[in-house]
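Notes to accompany the following structure.
The values are calculated or read from the model by the stated rules, or taken from the named source; none is laboratory data. Being a predicted model, the structure only gives us computed values, none of them experimental. Cβ: placed from backbone, ideal geometry, glycine included. Neighbour counts: every protein chain shown. Accessible surface areas use protein heavy atoms only, side chains included; no ligands, DNA or RNA. Shrake-Rupley method; radii C 1.70, N 1.55, O 1.52, S 1.80 Å.
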Amino acid sequence: QVQVVESGGGLVQPGGSLKLSCAFSGTTFSTYRMGWYRQHPGQQRLLVADINSSVYISYADSVKGRFTISRDKDKNTMFLQMNNLKPEYTAVYYCHAGAINSQYWGQGTQVTVSS
């Protein structure tokens with residue numbers, strides 16, 4: 001059974017940093033493209049950043065220069081380092097694992113940027 005589990009969300013002041021983690025289990029991590037999405041209340045879920053098993057990485061324009069996505073193949077874990085956070089980044093952040101014939105979502109972790 002494949003599972004993706006996020007952790008690391010919380011409350012942070014504007015300008016602060018948080019690091020999200022996504023633990024993947026149940027099948028071969030390297031075959032999945034991994035991504036972070038965020039969802040504001042009443043809005044659709046949008047891609048923040050994604051990474052495949054080699055070197056391809058992409059970011060939404062709104063987070064370029066602030067967020068860094070990475071994955072650790074030995075720990076089957078993906079990370080999102082978020083720096084210089086802004087209040088508009090407040091949202092639920094979701095981990096996504098995608099392959100040709102399957103995809104999985106985590107339960108989400110709340111990130112709140114507020115003073």
TODO: Given the options 44, 81, 103, state which has the largest fluctuation in a GNM of the chain using a 10 Å cut-off (strictly under) for Cα springs.
DONE: 44
- [ ] With a probe of 1.4 Å, find how much accessible area the chain has per residue, and write the answer as a whole number in Å².
- [x] 54
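Regarding the chain, what's the average projected area of the Cα-atom convex hull, expressed in nm²?
Numbers: hull surface 27.9 nm².
One quarter of the hull surface, i.e. the mean projection, equals 7.0 nm².
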TODO: Kindly rank 54-64, 7-17 from highest to lowest mean number of other beta carbons found within 10 Å of each residue.
DONE: 7-17, 54-64
Open item on the list: Quick check: pseudo-label points 7 Å beyond the Cα along Cα→Cβ at residue 115 and residue 23, how many nm apart are they?
Closed with: 3.6
Open item on the list: Less than 11 Å Cβ to Cβ from residue 54, Lys/Arg counted +1 and Asp/Glu -1: what total charge do the surrounding residues give?
Closed with: +3
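Once the Cβ-Cβ distance between residue 102 and residue 66 is put in as r, and R0 is 25 Å, what FRET efficiency do you end up with, to the nearest 0.05?
Numbers: r = 31 Å, r/R0 = 1.23.
Computed FRET efficiency for residue 102 and residue 66: 0.25.
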Open item on the list: Heavy atoms of the protein only, probe of 1.4 Å, neighbouring chains included. What is the accessible area of residue 19 in Å², nearest 10?
Closed with: 100
Task: Phi-based couplings in Hz for segment 12-27 (Karplus 6.51, -1.76, 1.60; Gly and Pro marked x) - done: 9, 7, x, x, x, 10, 9, 10, 8, 10, 9, 8, 10, 8, x, 7
- [ ] Against the globular-protein guess of 2.2 N^0.38 Å, express the Cα radius of gyration of segment 45-112 as a ratio, rounded to two decimals.
- [x] 1.14
Task: Of all accessible heavy-atom area on the chain, the percent that carbon and sulfur account for (1.4 Å) - done: 48
